[in-house]
1. Within the stretch 157-175, take every residue that is under 18 Å from TYR233 (Cα atoms) and more than 16 Å from ligand 2 (Cβ to nearest atom) and give me the one that is least open to solvent (accessible area, probe 1.4 Å).
2. I'm trying to understand the selection: among the residues of the stretch 180-236, which are more than 16 Å from ligand 2 (Cβ to nearest atom), over 17 Å from the mean Cα position of the chain (by Cα) and among the hydroxyl-bearing types (Ser, Thr, Tyr)?
3. Any idea which residue in the stretch 17-39 is surrounded by the most Cβ atoms within 10 Å (Cβ to Cβ), counting only those that are at pLDDT below 95 and small (Gly, Ala, Ser)?
4. Can you tell which of GLY58, GLY135 is open to solvent by 20 Å² or more (accessible area, probe 1.4 Å), touching a residue at least 40 places away in the same chain (Cβ under 8 Å) and closer than 21 Å to SER164 by Cβ?
5. Examine the stretch 145-153 for a residue that is over 26 Å from ILE31 (Cα atoms) and either in contact (Cβ under 8 Å) with a residue 12 or more places away in the chain or open to solvent by 30 Å² or more (accessible area, probe 1.4 Å) (or both), and state whether such a residue exists.
6. Counting just the residues of the stretch 76-112 that are closer than 19 Å to ALA134 by Cα, charged (D, E, K, R) and assigned to a loop (DSSP other than H, G, I, E, B), which one comes out most open to solvent (accessible area, probe 1.4 Å)?
7. Take the residues of the stretch 79-113 that are charged (D, E, K, R) and either within 16 Å of ligand 2 (Cβ to nearest atom) or within 17 Å of the chain's Cα centre (by Cα) (or both): which is farthest from LEU160 (Cα to Cα)?
8. Please count how many residues of the stretch 129-173 are small (Gly, Ala, Ser) and within 26 Å of ASP108 (Cα to Cα).
Amino acid sequence: MAILEVKDMEVHYGIIKALRGISFEVKEGEIVALIGANGAGKTTTLHTITGLLKSSAGSIQFDGRDITKIRGDKIVSMGMAHVPEGRRVFASLTVYENLKLGAYTRHDKDEIEETLNMIYKRFPRLLERKNQPAGTLSGGEQQMLAMGRALMSHPKVIVLDEPSMGLSPIYVNEIFDIIQEINKSGTTVLLVEQNAKKALSIANRAYVLETGAIVLSGDAKELMNNDSVKKAYLSE
Ligand SMILES: Nc1ncnc2c1ncn2[C@@H]1O[C@H](COP(=O)(O)OP(=O)(O)OP(=O)(O)O)[C@@H](O)[C@H]1O
Ligand SMILES: [Mg+2]
């Protein structure tokens, strides 16, 4: 069953049409990758489904409800969490304070505490650095914090925008391992990446976005062997 279904979604920035009617779906339990070059519309897509941008046409269904016109904070409380491009942690706040902010839509203190402990278990480095300002963390650690903060809302679906951007290869591998673990523990994943090779290696299915339109889609392993994907996205 599709937990997220986007149909014919169009998004404009003023007179510029950034998304030209895209359709895709994410089924419960999947890792779905959205790949594409700079400016293809990946971030725009995530901002629109998480309620930060308004679409000018089309519809978005999430967990059986139409969220096309729903506000971002409402969407978070319905179970979709967003890890933004560039992490966007609050540099002067501590790791702990950043994590607590991720639970802003929840009210049960005991449940929030339980989630926090689960996150510290998954990211031992965040526990070690819980009282440190987030701005003092390395890039990879900030990515972990951004992911931990999103998980604090206890989401059904987590959407990740370029989690590997700017990280060294060791961190890239670690982040992708964590994404797989998060998925195994029951969270559906929508992953936007320029690192198509890594994204396709962990995804079940993928969509290729080019200048605001989906030009290819299918099983991730099949796309990895597709000649045009290889040529455009997998050559070193
Ligand atoms: N705030 C904005 N105002 C005007 N145009 C914008 C704005 N944000 C994005 N765009 C344009 O919309 C298109 C899609 O941008 P978007 O950021 O979604 O691409 P992307 O696939 O995430 O790229 P990248 O890989 O560089 O992050 C681009 O042509 C971009 O210039
Ligand atoms: Mg982007």
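The values are calculated or read from the model by the stated rules, or taken from the named source; none is laboratory data. All of these numbers come straight from a predicted model, not from anything done at the bench. Glycine also receives a Cβ, built like all others from the backbone with ideal geometry; neighbour counts cover every protein chain displayed. Accessible surface is based on the protein model in full, side chains and every heavy atom, while ligands, DNA and RNA are left aside. Shrake-Rupley method; radii C 1.70, N 1.55, O 1.52, S 1.80 Å.
1. VAL172
2. Of everything in the stretch 180-236, those that are more than 16 Å from ligand 2 (Cβ to nearest atom), over 17 Å from the mean Cα position of the chain (by Cα) and among the hydroxyl-bearing types (Ser, Thr, Tyr) turn out to be SER217, SER228, SER235.
3. Out of the qualifying residues, it is GLY36.
4. Answer to the check: GLY135.
5. The answer is no, given that none of the residues of the stretch 145-153 is over 26 Å from ILE31 (Cα atoms) and either in contact (Cβ under 8 Å) with a residue 12 or more places away in the chain or open to solvent by 30 Å² or more (accessible area, probe 1.4 Å) (or both).
6. Taking the stretch 76-112 first, the residues closer than 19 Å to ALA134 by Cα are 82-104.
Pick out the ones that are also charged (D, E, K, R) and you get 85, 87-88, 97, 100.
Remaining after also requiring assigned to a loop (DSSP other than H, G, I, E, B): 85, 87-88.
On the way: GLU85: 68, ARG87: 23, ARG88: 164 Å².
Among them, the one singled out is ARG88.
7. From the stretch 79-113, those charged (D, E, K, R) are 85, 87-88, 97, 100, 106, 108-111, 113; that's our starting set.
Next, only the ones that are either within 16 Å of ligand 2 (Cβ to nearest atom) or within 17 Å of the chain's Cα centre (by Cα) (or both) stay: 85, 87-88.
Details: GLU85: 8, ARG87: 10, ARG88: 12 Å.
Looking at residues that are charged (D, E, K, R) and either within 16 Å of ligand 2 (Cβ to nearest atom) or within 17 Å of the chain's Cα centre (by Cα) (or both), I get ARG88.
8. Total meeting the criteria: 5.
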